[in-house]
There are 2 protein chains.
Amino acid sequence: MNPTLSSFVGGDRGDWTVRRAVAVSGDALAAVAAVDVVAGAPDDGRARWVLRGVVSHDRYVTRAEKTLLAARSPPLGRPEATYAALIPIKKSDAWWAMTQDERRAVLEERSRHIAIGGEYLPAIARRLHHGRDLGEPFDFITWFEYRPEDEPAFDEFVARLRRSDEWRFVEREIDIRLVRTT
Amino acid sequence: MNPTLSSFVGGDRGDWTVRRAVAVSGDALAAVAAVDVVAGAPDDGRARWVLRGVVSHDRYVTRAEKTLLAARSPPLGRPEATYAALIPIKKSDAWWAMTQDERRAVLEERSRHIAIGGEYLPAIARRLHHGRDLGEPFDFITWFEYRPEDEPAFDEFVARLRRSDEWRFVEREIDIRLVRTT
């Protein structure tokens, strides 16, 4: 129930091997061979970069939406879900200057972010981390896990979101695809 | 526009002298003579305690409410506003388990938190800091500034909130009243 800090540690070795990394918008991150997902804030001098974020309370879903999603959402760590995507995002000042009702209207009523996400359940497991209030370079870090054969569906999912009104407020986005190393 | 970290440093000396401190709910804080309000995260070994929070984007107000409040809200630092209140609050797990629509319904439709606050403008200046995602002991730290003659109105304001449905979710609250030292 309490907010949980996670760190995504990019470096030479790690539990997840990078298959490819694309800077979808804005500056790229330094290229790394692997990523570790670590609880807390490790002091790892060997890392090329560390992205931090907090798993925290829900910001946009209504109770009805949450009930629907929760019933269909798989857990992280499924043995067969050997593929992952790490997608850090920074939104624009214009996004954060909006009030809650305005942000919700863009996110769901105009962009159907929550509904579109629901279409890819139970194939794709997802965990959202918040970095903005920590002073991190990315506002959000989303971690996804799925089976290799579900990657075309995952590609379709992120392509639909990137065409949405909400994505006009995304000023930096990196899409890192991984495969479990161990 | 970016989130701004503030620290409230309790100790022997500071810009704001403590007039009184009351643990309204839950455990008290250690008694201090004064509080400093400092940008960033100072490493102050002489402090009895340091509370940290981030001024961040709006979470509950609608655009209509924000427009109304912004037109009437005074800035911090008015020379005549020599009294202040520092009110750190921790809400319960039950609060954070609610979805946004449920929290908003308790906060405003049932408790009229935003509307009640508006009644005390422009007398009372306010700045809200978020601590929960930082792993701080308090979810919120609110800082208020007002003229000494407005303290009865301020007392009425906090008493009304403490009688509201929303306050059933408050499990720890400290009310520290201060006067500008310098």
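Averaged over the residues of peptide A:95-107, the number of Cβ atoms from other protein chains lying within 10 Å of each residue's Cβ is 4.
What does the charge count around A:ALA23 come to, taking other residues whose C-beta lies under 10 Å from its C-beta (Lys +1, Arg +1, Asp -1, Glu -1)? Summing Lys/Arg as +1 and Asp/Glu as -1 gives -2. With K and R counted +1 and D and E -1, the other residues having a Cβ less than 11 Å from that of B:LEU128 yield a net charge of +1. Please work out the Cα center distance from the range B:109-182 to the range B:1-66, rounded to the nearest Å. Result: 12 Å between the Cα centres. Of all residues in chain A, the one whose Cβ lies closest to the rotation axis carrying A onto B, together with that distance in whole Å, is A:ASP133, 2.
For the range B:26-73, what does the equivalent ellipsoid look like in terms of its semi-axes, each the square root of 5 times an eigenvalue of the Cα gyration tensor, given largest first in whole Å?
Details: eigenvalues 209, 37, 25 Å².
Equivalent ellipsoid semi-axes, largest first: 32, 14, 11 Å.
Solvent exposure of the range B:140-182, expressed per residue, is 43 Å² of accessible area, with all protein chains present and a 1.4 angstrom probe. Computed from protein heavy atoms with a 1.4 Å probe, the total accessible area buried between A and B is close to 2400 Å².
I want the local charge near B:HIS113. Using Cβ-Cβ distances under 15 Å, sum +1 for each Lys or Arg and -1 for each Asp or Glu among the other residues.
Numbers: positive: B:ARG59, B:LYS66, B:LYS91, B:ARG103, B:ARG104, B:ARG110, B:ARG112, B:ARG126, B:ARG160, B:ARG162, B:ARG163, B:ARG168; negative: B:ASP58, B:GLU65, B:GLU102, B:GLU108, B:GLU109, B:GLU119, B:ASP139, B:GLU156, B:ASP165, B:GLU166, B:GLU173.
In short, +1.
Note on the range A:42-182: Cα Rg divided by 2.2 N^0.38 Å, N the number of residues, gives 1.07.
When Rg and Dmax are taken over the Cα atoms of the protein assembly as shown, they come to 22.4, 69 Å.
Carbon-plus-sulfur fraction of the accessible area of chain A, 1.4 Å probe, in percent? The value for chain A is 52 percent carbon and sulfur by accessible area.
In nanometers and ordered shortest first, the copy-to-copy spacing of the B:ARG168 label point, defined 7 Å from Cα toward Cβ, is 4.2.
The values are calculated or read from the model by the stated rules, or taken from the named source; none is laboratory data. Only a predicted model underlies this, so the values are computations on that prediction, with no experimental measurement involved. Cβ sites come from the backbone with ideal geometry, for glycine too, and all protein chains shown count toward neighbours. Each accessible area value is taken on the protein alone, full model and side chains, heavy atoms only, with ligands, DNA and RNA left out. Shrake-Rupley method; radii C 1.70, N 1.55, O 1.52, S 1.80 Å.
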